[in-house]
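Below is one structure; the comments refer to it alone.
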Amino acid sequence: MSSDGEFRGSGFFRIDRAKALEKLSAFQLERGEQFLLPLARCAAAAGSGRLEVKGTTALKAVFTGVPFTRAELADPYGALFVEDSDPRLRHFSAFLLGVLRTRPREVAVSSGAGPERFRLRASGLETETVERDDRRDVGTTVHVRWGALGWLKSLGPAKDAARRAWEMTPPGFTVDGAPPSAKSVVRLVRRQEAGGLRLRVQAPEDPGETRVTFCAFGVAVE
C-alpha cells in the first residue's frame, strides 16, 4: 500500500445553529440576568466612555464607540465560531445569549448613523431580523422588553449584577444615573492592565484580609 494519501473529495460539516447556540447559551453565563456584564465589556471594547442603563419595566441601554455594521447585526453569533474574534463582537454575542435566557418579548439593538443605521430584532435563538432604522439617533441603543411579569424576575437582578461587577468600567458607565458603588473605592495599591484584562489590588480595612479583583474590560471576572 502506498504511504501517500489519495485525495477523494472535500466538503464541510453542517452545524445545527439552534442546538449549537443553545449549548453555548448554557455555558456563557451561569444566570441569564448577568447579561449586563458582557454588554459592558462590549461597550468598553468598542471604545465607549459611556454606557447608560435605565428603565423600570423595560430596559434601555445606550453607548457610543465603534457601531455595529449591518453585516455584524445580521450574524450576531458569528464571532463565537471564529478563533481570535473581535472582543467587541464576542461580548455582544454573549450579551444576546444571556439576555435571551431571560425569555424577553423582544430584544432590539440599533446602531450606526444616517443611512448606515440598522436595527436587529430578536425574540429567541432561532431567528433574527435586521432592518433599516430611520431614526436620527447615533451610537448604539439596546431595548429589552419582557412580558407582564418577566421584568420582575430579570430587570432588577440584572442591574444588581452590574452594580457588583462593573468594578473598573469608565466613569460614564451608569445604572439608573449612578455609577456602581464599587467605583467609589479609591484606596488602590496597584492597578495593572494588559490586553483588556485589568488587575486591581485594594488596601484592606483589616490587615488580615486582602482583596484582589481581576477584570475583563473593566468588569469583574467571577
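The values are calculated or read from the model by the stated rules, or taken from the named source; none is laboratory data. None of these values were measured; they are calculated from a predicted model. Every residue, glycine as well, gets a Cβ built from its backbone with ideal geometry; the counts of neighbours run over all protein chains shown. Each accessible area value is taken on the protein alone, full model and side chains, heavy atoms only, with ligands, DNA and RNA left out. Shrake-Rupley method; radii C 1.70, N 1.55, O 1.52, S 1.80 Å.
For the range 79-113 versus the range 115-169, the inter-centroid distance based on Cα atoms is 9 Å. In the assembled protein chains, GLU116 presents an accessible area of approximately 120 Å² (probe radius 1.4 Å).
Measuring with a 1.4 angstrom probe and ignoring ligands and nucleic acids, PHE35 comes out at about 0 Å² accessible.
Taking R0 as 30 Å, what's the FRET efficiency between LEU152 and PHE214 from their Cβ-Cβ distance, rounded to 0.05? Calculated value: 0.40. Would you mind getting me the FRET efficiency between THR57 and ARG164? Use the beta-carbon distance for r and R0 = 25 Å, nearest 0.05. Calculated value: 0.65.
When nucleic acids and ligands are ignored and a 1.4 Å probe is applied, VAL212 ends up with an accessible area of around 80 Å².
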